[in-house]
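A.B. asks: Handing you a structure now.
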Amino acid sequence: MTVFFRHTKHLLASLALFGVIGMMLAMRPTPTAMERVMTRGELVVMTRSSNTTYYQDQHGYTGMEYELAKGFADSLGVELRMLESDDPSYIRYAIRKGTADMAAAGLVATAERSESLRFTTDYQKVDALVVRRLDTPRIRDLEDLAGKRVAVAAGSSHAELLVKAQLENPGLAFQEVEDANPEQLMALVEDGQVDYTLIHSNSYSLQRALWPELIADYTAATDMPLAWAFSPKDDQSLYLAAQRYLTQAKANGTTAKLEDRFYGHVEQFNLYAARSFMRHLEDRLPRYEELFRQAEDNSGFDWRLLAALAYQESLWDPGAISPTGVKGLMMLTNDTARQMGISDRTDPAQSILAGADYLRHTHERIPARIPEPSRTWMALAAYNVGFGHLEDARVLTEKQGGNPDNWQDVKQRLPMLANPAYADQLRYGNARGGQAVIYVRHIRRYYDLLVWAENSRRRDDTLIALN
């Protein structure tokens, strides 16, 4: 019996010890959402790949959502890791499940979504536009879509909008396309597979030149708030930090500068110019694409940026010549041609390689401390107006309290170079600085279109390979 009681005593003691440990573990506080991020050393963000959210250009990953999220991660002192999905429903599911800390994916904070997600204050507002072919009847109300072929992205705010419209218009039917991005939806309309689709206004403004036969002339909803999404199951520590960051970003002009950076170069739409660009994209660019790619290897510039520069200069016409005597695909002067060591400005290979090399030399003269993409936009401005005049604009920017290392600030001063009140006080004098601003804006526009045209081509090639 003594042995039995001894074993029983040890057993009870062990059970008591495990009980104490269990109580201690139970009493240990669960890490907050912020603590998990700080311990992990990274902020995990769900997003989608699009020209309004997150994509890759010659400088790496970018996009308005990416830049805002990167700024938030930097403010926390952690790394940023992006997870991608084109399915809005999955993005919302992943946030509720805890796959990511938050979503920065161009999500509209609708009343329905707010029942299962916690949204921040908005950082941008967009409209919902109905897109059609030019030869398709214009609608004046959503009820006009009844009996028509309509497609929207599955799980999107546009689908929610049409579901509400169905309550008053039972004849309105629409198709939800899984994992659809705006380009795919617009392609369905252009190809005549559907009559109408709905697109966010910010996305449409960036892509409309790729689809000159389409038009968006009915607004289904206005001022739809884009916001970051968090799981309501988490505590509010990370959410409140995001709220503070976005509020401050609005107050200090960060969001306004980002909007200008990503949308400020989208000029008034010109149907004739858009049709010309698409025609030249198919019949001219293929002749010179390999040369632009070679120039990328030599200069380090994205070949699509070089192609955009050439389109702005000559419309990809090797025989182009201006009244001032500049000629060729890159419209080089005699002095520049001699400086770059070429003999025939009308030879496409010589012109492209020399133009890219000249841009590289100009870029190298821009102070290395200037971050991208401002440094590249300034190099393009200098390519057009001259390096000295660009420096004058930077000096003027600093005198007026702006940031001479920021393109958004410098481009506001470039037009002042044509004003004698300013030009007479500057080293290089009068210049058509406003023309350089337009020049850079056009190149950025063409570059965006080339990037997304190639991305669409890659997606199409992938689908063909998979099928």
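A.B. asks: With (1) in the same structural domain as residue 347 (by TED's automatic domain parsing); (2) out of contact with any Gly (no Cβ under 9 Å at 6 or more places or on another chain); (3) surrounded by fewer than 19 Cβ atoms within 10 Å (Cβ to Cβ) as the list, and residue 319 as the residue in question, which single condition is left unmet?
C.D. replies: The one condition residue 319 does not meet is (2).
A.B. asks: Now a separate question. Given the structure, is residue 131 touching a residue at least 40 places away in the same chain (Cβ under 8 Å), of a type outside the set (Lys, Arg), in contact with a helix residue (DSSP H, G or I) (Cβ under 7 Å, 6 or more places away or on another chain) and outside the structural domain of residue 219 (by TED's automatic domain parsing)?
C.D. replies: No; evaluated as a whole, the condition is false for this residue.
A.B. asks: Now, a different point. Looking at 376, 397, which is the one that is in contact with a Pro (Cβ under 6 Å, 6 or more places away or on another chain), buried (at least 20 other Cβ atoms within 10 Å of the Cβ) and either closer than 25 Å to residue 340 by Cα or of a type in the set (S, T, N, Q) (or both)?
C.D. replies: Just one listed residue meets the conditions, 397.
A.B. asks: Additional query: Kindly check whether there is at least one residue in the stretch 409-421 that is surrounded by fewer than 19 Cβ atoms within 10 Å (Cβ to Cβ) and in contact with an Asp or Glu (Cβ under 6 Å, 6 or more places away or on another chain).
C.D. replies: No, because not a single residue in the stretch 409-421 is surrounded by fewer than 19 Cβ atoms within 10 Å (Cβ to Cβ) and in contact with an Asp or Glu (Cβ under 6 Å, 6 or more places away or on another chain).
A.B. asks: Under 6 Å by Cβ, and 6 or more places apart or on different chains, what pairs join a residue from the stretch 207-220 that is more than 24 Å from residue 444 (Cβ to Cβ) with one that is of a type in the set (Gly, Ala, Ser) and crowded, with 20+ Cβ neighbours inside 10 Å?
C.D. replies: Partner pairs satisfying both residue conditions: 220/128.
A.B. asks: Can you tell me which residue in the stretch 329-352 is surrounded by the fewest Cβ atoms within 10 Å (Cβ to Cβ), limited to those that are of a type in the set (A, V, I, L, M) and assigned to a helix (DSSP H, G or I)?
C.D. replies: Filtering first and then ranking leaves 349.
A.B. asks: Follow-up. List every residue pair whose Cβ atoms lie under 6 Å apart, where the two residues are 6 or more positions apart in sequence or sit on different chains, the first residue falls within the stretch 295-314 and is without any contact (Cβ under 8 Å) to a residue 60 or more places away in the chain, and the second residue, located anywhere, is surrounded by 23 or more Cβ atoms within 10 Å (Cβ to Cβ) and assigned to a helix (DSSP H, G or I).
C.D. replies: Sorted first by the residue in the stretch 295-314, then by its partner, the pairs are 303/292; 306/292; 306/295; 306/356.
A.B. asks: Oh, and also: For a quick check of your reading: which helices (runs of 4 or more DSSP H) sit entirely within the stretch 215-313 and have at least 3 residues that are buried (at least 19 other Cβ atoms within 10 Å of the Cβ) and at pLDDT below 95?
C.D. replies: Here the list reads 254-263.
A.B. asks: Could you please find all residues in the stretch 417-445 being in a helix (DSSP H, G or I), in contact with a Leu (Cβ under 8 Å, 6 or more places away or on another chain) and closer than 27 Å to residue 314 by Cα?
C.D. replies: 417, 433, 434, 436, 437, 439, 440, 443
A.B. asks: Let me ask another. Report, by residue number, each residue of the stretch 54-67 that is crowded, with 23+ Cβ neighbours inside 10 Å and either at negative phi or touching a His at 6+ places or on another chain (Cβ under 6 Å) (or both).
C.D. replies: Answer for the stretch 54-67, where residues must be crowded, with 23+ Cβ neighbours inside 10 Å and either at negative phi or touching a His at 6+ places or on another chain (Cβ under 6 Å) (or both): 54, 64, 65.
A.B. asks: Also: Being touching a Gly at 6+ places or on another chain (Cβ under 8 Å) and over 17 Å from residue 362 (Cα atoms) is true for just one of 412, 425, 400. Which residue is that?
C.D. replies: After applying the criteria, what remains is 412.
A.B. asks: Can you tell me which residues in the stretch 353-369 are surrounded by 20 or more Cβ atoms within 10 Å (Cβ to Cβ), of a type in the set (A, V, I, L, M, F, W, C) and either within 20 Å of residue 265 (Cα to Cα) or within 28 Å of the chain's Cα centre (by Cα) (or both)?
C.D. replies: 356, 359, 366
The values are calculated or read from the model by the stated rules, or taken from the named source; none is laboratory data. The model shown is predicted, which means the values in this text are computed figures rather than measured ones. Ideal geometry is used to build each Cβ from the backbone, glycine not excepted, and the neighbour counts take in all protein chains shown.
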